[in-house]
């Protein structure tokens with residue numbers, strides 16, 4: 001639909017009925033400026049400028065008199081000119097003056113809000129809900145940690161689906177794969193499945209080269225790589241103030257592929273006000289190595305005899321690279337002990353699809369608030385909406401926009417916290433839940 005046609009519909013159907021030349025002129029002025037402001041998003045939202053011009057004129061009309069009306073419109077136009085041009089329909093610049101102002105006020109209100117345990121209590125998942133969403137709620141059987149890697153074993157590649165032998169360093173085998181997901185697209189009127197990363201079809205060769213990798217979900221398998229343990233119990237009576245643990249935290253982890261499957265490589269935690277309190281890279285356990293790819297497959301023009309090996313940190317999704325991972329000094333067991341300083345079994349942990357973070361931390365915890373549950377997918381579990389999409393829709397924020405440079409777990413943990421703040425302020429009133437907190441396995445005290 002052309003913008004001229006949109007304007008014609010707008011002018012003939014909406015303006016002609018008024019019969020007021022001044023009103024028609026002011027509406028046209030507002031419409032023209034909304035078109036300029038929305039130039040990047042009109043192709044996918046062709047009626048947005050017309051709709052918002054009508055709403056903006058109505059706002060002006062209700063707030064002004066016959067004498068001040070024209071100047072009020074001019075003031076609105078000046079405000080439109082000052083706005084940055086949005087690149088999505090959920091951008092903070094989209095809307096009428098009052099709508100933009102209301103969003104900004106809500107943003108400030110969300111940012112200033114410090115969540116309390118009492119506010120979050122109704123949103124804490126029950127153990128049954130945790131099981132529904134894929135959480136591991138009990139320490140799996142077995143001693144744990146007895147098989148940290150699968151070197152020499154045959155596994156199925158998570159990227160290309162082929163069977164391969166897990167090897168380390170220069171002996172590792174490689175595959176061609178797609179980092180994107182397949183989706184249905186119409187090409188020349190014909191519907192077909194293509195990948196988001198390269199627009200190739202599933203029967204075409206992958207667009208990326210990397211090592212074969214494997215991903216495990218079975219609790220017993222994960223436990224054998226590194227043992228699960230519950231978060232520690234509070235020290236002394238909770239009311240005496242001697243325990244250093246916080247009531248509320250938000251956390252996010254970044255993971256990478258290793259000879260021991262997908263393992264945590266970075267842990268970031270913020271407090272209930274959004275202040276960063278922990279951000280550490282995680283050194284792999286002894287015997288576990290990050291997957292490598294030989295240089296001639298990554299840099300074809302390089303000397304293939306070069307001793308340098310390129311680590312495959314899954315950077316596009318993890319944000320981990322050679323430089324920042326070189327700062328990792330603490331293994332997961334030490335990271336968990338450090339986290340004991342601000343997390344105990346009573347702490348409410350906020351996260352998005354938090355079951356994945358707790359699994360990679362090998363943490364059993366029963367006090368969880370999950371934004372994937374608060375903002376559910378229409379298809380229900382196990383489907384989840386992406387954190388990036390939720391931040392865009394409800395917060396007007398753009399996150400995970402670094403492309404090949406990957407995500408930031410600090411940014412993601414803050415976005416998750418802000419979504420919960422937004423939900424507490426604006427979401428539906430939660431249904432009453434049992435107040436009893438399930439007991440965690442006290443026999444396995446402490447951390448990993």
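Annotations
- For q = 0.11, 0.13, 0.15, 0.16 Å⁻¹, Debye-computed log10 I/I(0) when each Cα of the stretch 181-270 counts as one equal scatterer: -0.64, -0.77, -0.88, -0.93
- Highest mean first, the peptides 424-431, 227-234, 354-361 sorted by other C-beta atoms within 10 Å per residue fall in the order 354-361, 227-234, 424-431.
- Highest average first, the peptides 272-280, 49-57 ordered by how many other beta carbon atoms sit within 10 Å of their residues are 49-57, 272-280.
- Rg/Rg_ref, the stretch 319-381, where Rg_ref = 2.2 N^0.38 Å and atoms are Cα: 1.38
- Only alpha carbons enter this Debye calculation for the stretch 76-141, each as an equal point scatterer, and the log10 of I(q)/I(0) it gives at q = 0.14, 0.15, 0.29 Å⁻¹ is -0.69, -0.72, -1.22.
- Each of 264, 36 was scored by other Cβ atoms within 10 Å of its Cβ. Listed from fewest to most, they are 36, 264.
- Span from the the stretch 335-414 Cα centroid across to the the stretch 249-295 one, whole angstrom: 14 Å
- Between residue 200 and residue 186, the contour length at 0.36 nm per residue exceeds the alpha carbon distance by 3.8 nm.
- From the alpha carbon centroid of the stretch 119-152 to that of the stretch 39-63 is 48 Å.
- All Cα pairs of the stretch 99-252, percent lying beyond 27 Å: 59 percent
- When peptides 92-104, 249-261, 141-153, 368-380 are sorted by average Cβ neighbour count within 10 Å, with the highest value leading, the order is 249-261, 368-380, 92-104, 141-153.
Coordinate-derived values only; no laboratory data. As the structure is a prediction and not an experimental result, all values here were calculated from the model. All Cβ positions, glycine included, derive from the backbone under ideal geometry; neighbour counts span all protein chains shown.
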